[in-house]
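Take a look at the structure set out below.
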Amino acid sequence: RPWNFSAGPSALPLEVLEQAAREMTNWHGSGMSVMEMSHRGKHFTQIRDEAVADLRELLSVPENFHILFMQGGATAENAIVPMNLIGRNGAGKADYVLSGSWSNKSYKEAQRYGDIAVAASSGAAAEIDGAQYGPWTWFPAPETWRVRSDAAYLHLCGNETIGGVEFTDWPDMAGLGAPDVPLVVDASSHFLSRPIDFTRVGMVYAGAQKNAGPAGVTVVIVRDDLIGHALPICPSAFDYANVAAAGSMFNTPPTYAIYIAGLVFKWLKRQGGVAAIEAQNIRKAEALYSFLDASNFYITAVHGPVRSRMNVPFFLKDDALNAEFLAQAEARGLMQLKGHKSVGGMRASLYNAVPFEGVQALISFMQEFERQYG
Ligand code: PLP
């Protein structure tokens, strides 16, 4: 198979796809495909229960957090989060950290549901340690965030998939003068790539289609005290309290997507869990960034300490070579390297299912291309 660097939906482990193929028409002697089973029957209930238990184990999710499987993607969560959380303390306020495309979308959508303020933004150019960085290529330091102490929550995007900015040093909210404000993180594009410190967050959500499985299921991990406060306008199927009470079966869940996600969780356990995959992810990202840093032919724009391990945007100094680069890459089995249209250039997404060998193959192609045209 070629190496797939898509930002999402993205590569899944081959073992998972092969297992799903073997089980496609007859899951574990049931005589049925998972697609054909009642979601309330014993087979699917077992699949759901194992998926929840494996995910809880992988991320050490504390017992006072619910793990929910929902639909609508992270985009729907941009509305579902405020509808569920903004009413929790009567003030109707929420604050947002803006660090790129995805957090901006979350912020815009939330404005429909209450008094929404910007806690911090990297939307302007900045000078950091004497170097210049353009908009959305750095992350505002928590000491600069302005969080209202009566905000219902503070939202940030942990990994900006388009800009390639990752922020994981989540602050202790008490240190920011807002001890009662829970942090809500859109973790879509680095979910399961590294551990999560649940003492620092009230809620994490992620569309599955990067590290966790196919599109169609959204994972929501939410602290117990944050649910049960949905606005009256919140659709019943999107009220976390309803979804939690029904074990993610308030209505028919995306059964096949949950099943595949469950296989991915088991694969991750076989790899040694999240700490082991994080070590792989560090090794992969370091290899690519150190190659890029040493080159005068390729350029990266993101501030070093917040460079994403998952999504590596880079540019050819001579962008007239972009089409040739992509054509030659594809001929070598290096797929989906084109950058997002809003950023241009290239983007290599190094999710969990891309092994170190895939990154080595990319780097050796890039070296050869540089020799040819540099
Ligand atoms: N948030 C982030 C960080 C993303 O990368 C994406 C999609 O790529 C989304 C939100 C939107 O997800 P969805 O398309 O599943 O709604």
message = Can you say whether Thr218 is under 24 Å from the mean Cα position of the chain (by Cα) and over 26 Å from Phe167 (Cα atoms), as far as the supplied structure shows?
response = no
Counting only strands (runs of 3 or more DSSP E) wholly inside the stretch 34-151, the ones holding at least 2 residues that are surrounded by fewer than 22 Cβ atoms within 10 Å (Cβ to Cβ), in contact with a strand residue (DSSP E or B) (Cβ under 7 Å, 6 or more places away or on another chain) and of a type in the set (Gly, Ala, Ser) are 115-121
The condition of being assigned by TED's automatic domain parsing to the domain that holds Thr168, assigned to a helix (DSSP H, G or I), within 16 Å of the ligand (Cβ to nearest atom) and aliphatic (A, V, I, L, M) holds, among Ala261, Ala206, only for Ala261
Counting only residues in the stretch 161-186 that are in contact (Cβ under 8 Å) with a residue 40 or more places away in the chain, in contact with a helix residue (DSSP H, G or I) (Cβ under 7 Å, 6 or more places away or on another chain) and part of a loop (DSSP other than H, G, I, E, B), the one surrounded by the fewest Cβ atoms within 10 Å (Cβ to Cβ) is identified as Ile162
| query | Any chance the stretch 244-252 includes a residue that's closer than 24 Å to Glu63 by Cβ and polar (S, T, N, Q)? | reply | yes
The number of residues in the stretch 273-304 that are within 21 Å of the chain's Cα centre (by Cα), small (Gly, Ala, Ser), more than 20 Å from Phe139 (Cβ to Cβ) and part of a helix (DSSP H, G or I) is 3
In the set Tyr96, Tyr133, Tyr107, the lone residue that is hydroxyl-bearing (Ser, Thr, Tyr), more than 16 Å from the ligand (Cβ to nearest atom), closer than 26 Å to Val302 by Cβ and assigned by TED's automatic domain parsing to the domain that holds Ser188 is Tyr133
Within the stretch 236-246, the residues that are in contact (Cβ under 8 Å) with a residue 12 or more places away in the chain and either assigned to a helix (DSSP H, G or I) or surrounded by fewer than 14 Cβ atoms within 10 Å (Cβ to Cβ) (or both) are Ser236, Ala237, Phe238, Tyr240, Ala241, Val243, Ala244
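The values are calculated or read from the model by the stated rules, or taken from the named source; none is laboratory data. All figures in this text were calculated on a predicted structure; none of them were measured in a lab. Quick reminder, even Gly has a Cβ in these numbers, built from the backbone with ideal geometry, and neighbours come from all protein chains shown.
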